[in-house]
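Peer 1: Handing you a structure now.
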Amino acid sequence: GAGVSQTPSNKVTEKGKYVELRCDPISGHTALYWYRQSLGQGPEFLIYFQGTGAADDSGLPNDRFFAVRPEGSVSTLKIQRTERGDSAVYLCASSLEAGTREKLFFGSGTQLSVL
Amino acid sequence: GIQVEQSPPDLILQEGANSTLRCNFSDSVNNLQWFHQNPWGQLINLFYIPSGTKQNGRLSATTVATERYSLLYISSSQTTDSGVYFCAVERTTDSWGKLQFGAGTQVVVTP
């Protein structure tokens with residue numbers, strides 16, 4: 001596609017529920033990243049994929065968060081037993097290759113609200 | 001972790017004015033990028049500039065890696081320049097793509 005696509009754009013859920021957020025990177029981009037942005041702050045790194053494998057998941061806050069990229073393209077961020085503190089904009093980005101210093105291109109994000 | 005400080009936190013400009021945004025960082029970096037987040041939340045990559053100077057239209061950026069700072073220049077500002085400008089860096093010892101963002105500079109350009 002022309003850009004990084006994220007769905008849904010908005011997700012409202014209740015505390016304790018499970019949610020999935022989807023990211024479709026730019027076609028041909030092998031590296032994919034998830035970030036989280038709270039109101040008034042800069043994005044925070046969560047996890048980075050090179051191909052199908054998670055190369056660095058050190059930013060995931062706890063074991064309720066998990067992400068997959070089974071075919072090396074689309075990725076899904078999964079949050080179990082959601083808490084109100086998980087409310088934020090979840091951003092996905094992609095870049096052409098990992099291991100080279102290239103620009104990151106971000107999607108429009110998914111606004112997650114946990115009631 | 002690496003500290004990224006941006007200044008000023010807020011900036012109000014009259015249309016046509018010039019301005020300079022600053023980003024200081026606390027450790028050696030091999031990746032520095034400037035982003036503009038528009039009022040609808042979309043993050044747009046402006047520059048990949050771990051060192052040196054680059055220009056793109058009315059915007060230019062300079063990074064002095066040895067002194068651990070970067071500057072973003074906006075010339076002849078327009079209302080469409082409004083939004084939040086973020087500096088993001090990756091430490092030399094970190095994995096690729098693990099960018100640490102600053103808190104941003106909120107820019108408002110008035111007609």
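The values are calculated or read from the model by the stated rules, or taken from the named source; none is laboratory data. Please read these numbers as outputs of a predicted model, since none were measured by experiment. Methodologically, a virtual Cβ is constructed for each residue, glycine included, from the backbone with ideal geometry; neighbour enumeration extends over all protein chains shown. Note: accessible area is taken over every heavy atom of the protein model, side chains too, but ligands, DNA and RNA are not part of it. Shrake-Rupley method; radii C 1.70, N 1.55, O 1.52, S 1.80 Å.
Peer 1: Expected output is a single nm value to one decimal: the length gained when fully extending between B:Q14 and B:Q106, i.e. 0.36 nm times separation in residues minus the C-alpha distance. What is it?
Peer 2: That works out to 31.7 nm of additional length.
Peer 1: At 7 Å along the Cα-to-beta-carbon direction for both A:F66 and B:T92, put a label point, then send me their distance in nm to one decimal.
Peer 2: So the two model labels end up 3.9 nm from each other.
Peer 1: A follow-up question, please. What trypsin sites (Lys or Arg not before Pro) does region A:48-88 have in DSSP loop regions with at most 13 other beta carbons within 10 Å?
Peer 2: Values: sites: A:R64, A:K78, A:R81, A:R84; in loops: A:R64, A:R81.
Loop-located and lightly packed - A:R81.
Peer 1: Under 5 Å between amide H atoms, partner at least 5 residues away or on a different chain: which partners does B:D27 have, H built in plane at 1.01 Å?
Peer 2: B:Q3
Peer 1: Spelling out what I want: for every residue of region A:24-34, take phi, set θ = phi - 60°, compute 6.51 cos²θ - 1.76 cosθ + 1.60 (Karplus), and round to whole Hz; glycine and proline get x.
Peer 2: Using θ = phi - 60°, the values come out as 10, x, 5, 4, x, 7, 8, 9, 9, 10, 10 Hz.
Peer 1: Further question on the same structure: Name the lysines eligible as straight-distance cross-link partners of A:K11: C-alpha to C-alpha under 23 Å, and not fewer than 8 places from it in the same chain.
Peer 2: Result set, ordered by chain and number: A:K78.
Peer 1: Excluding same-chain residues fewer than 8 positions from A:K103, which aspartates and glutamates have a Cα within less than 15 Å of its Cα?
Peer 2: Candidates past the 8-residue exclusion: B:E90.
Peer 1: Could you report region B:25-105's accessible area per residue, 1.4 Å probe, as an integer in Å²?
Peer 2: Numbers: 3240 Å² over 81 residues.
I get 40 Å² per residue for this part.
Peer 1: Tell me the chymotrypsin sites (Phe, Trp or Tyr not before Pro) within region B:1-68 that lie in a loop according to DSSP and have at most 15 other beta-carbon atoms within 10 Å.
Peer 2: Numbers: sites: B:F25, B:W34, B:F35, B:W40, B:F47, B:Y48; in loops: B:W40.
Passing sites in region B:1-68 are B:W40.
Peer 1: Here's a follow-up. Give me the percent of accessible area attributable to carbon and sulfur for chain A, probe 1.4 angstrom.
Peer 2: Whole-percent figure for carbon plus sulfur exposure: 47.
Peer 1: Set the Förster distance to 25 Å, then compute FRET efficiency between B:Y69 and B:I44 from the Cβ-Cβ distance, nearest 0.05.
Peer 2: Taking R0 as 25 Å, the efficiency between B:Y69 and B:I44 is 0.65.
Peer 1: I'd like the residues of region B:72-97 whose 1.4 Å-probe accessible area shrinks by no less than 10 Å² going from the isolated chain to the full set of protein chains.
Peer 2: Output list: B:F86, B:S95, B:W96, B:G97.
Peer 1: Please identify every one of the trypsin sites (Lys or Arg not before Pro) in region A:1-30 that sits in a loop by DSSP and has no more than 14 other beta carbons within 10 Å of its own beta carbon.
Peer 2: Passing both the DSSP loop test and the Cβ count: A:K15, A:K17.
Peer 1: Between B and A, buried accessible area summed over both sides at probe 1.4 Å, in Å² to the nearest 100? Before the final figure, lay out each step's value.
Peer 2: Details: alone 5910 and 6280 Å², together 10460 Å².
Accessible area lost upon association: around 1700 Å².
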